[in-house]
Amino acid sequence: MTATTDTTSIELTTAPAEAPDSTVALTDGAAGKVRALLDQEGRDDLRLRVAVQPGGCSGLQYQLFFDERSLDGDLELDLSGVPIVVDRMSAPYLGGATIDFTDTIEQQGFTIDNPNASGGCACGNSFCG
């Protein structure tokens with residue numbers, strides 16, 4: 001299985017007590033790219049898993065990858081025809097976040113606009129909470 005991962009980092013000292021929104025959003029560009037990648041995989045059981053994991057220079061990083069597993073407490077979404085899962089520990093960090101796909105001469109990849117993270121660090125991939 002080929003996995004697509006975004007390693008953008010965010011720093012949040014604790015999970016927000018109440019996320020501004022209970023789900024993530026997916027732009028049309030991101031939905032189209034994910035559907036194309038899923039078509040390339042040729043499997044009907046894969047979903048885009050969006051997670052926040054320890055790592056990165058600021059302490060936490062986003063992870064986007066295809067996953068066939070269902071974990072206890074997963075939030076399951078269907079956004080623009082794209083099956084998405086978010087684990088219960090990541091959901092509070094991702095409430096209200098928007099996933100986009102950028103394809104320009106300067107940058108290509110998935111980006112996440114997250115209202116739970118703010119500020120920027122020198123590396124360009126880390127955020128301060």
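Under 5 Å between amide hydrogens, built in the peptide plane, is the criterion, and for residue 111 it picks out 100, 101, 102 among residues at least 5 positions away or on other chains. Shown in residue order for the stretch 71-77 are the 3J(HN,Hα) couplings computed by the Karplus curve 6.51 cos²θ - 1.76 cosθ + 1.60 at θ = phi - 60°: 9, 4, x, 4, 8, 9, 10 Hz (x for Gly and Pro).
For residue 65, the residues whose modelled amide H falls within less than 5 Å of its own, excluding neighbours fewer than 5 places apart on the same chain, are 49.
Using the Cβ-Cβ distance between residue 40 and residue 76 with R0 set to 25 Å, the FRET efficiency works out to roughly 0.65.
Readers should treat all values here as calculations from the given coordinates under stated rules, not as data from a laboratory. These numbers were taken from a predicted model, which means no experiment stands behind them. All Cβ positions, even for glycine, are placed from backbone atoms using ideal geometry, and neighbour counts span all protein chains on display.
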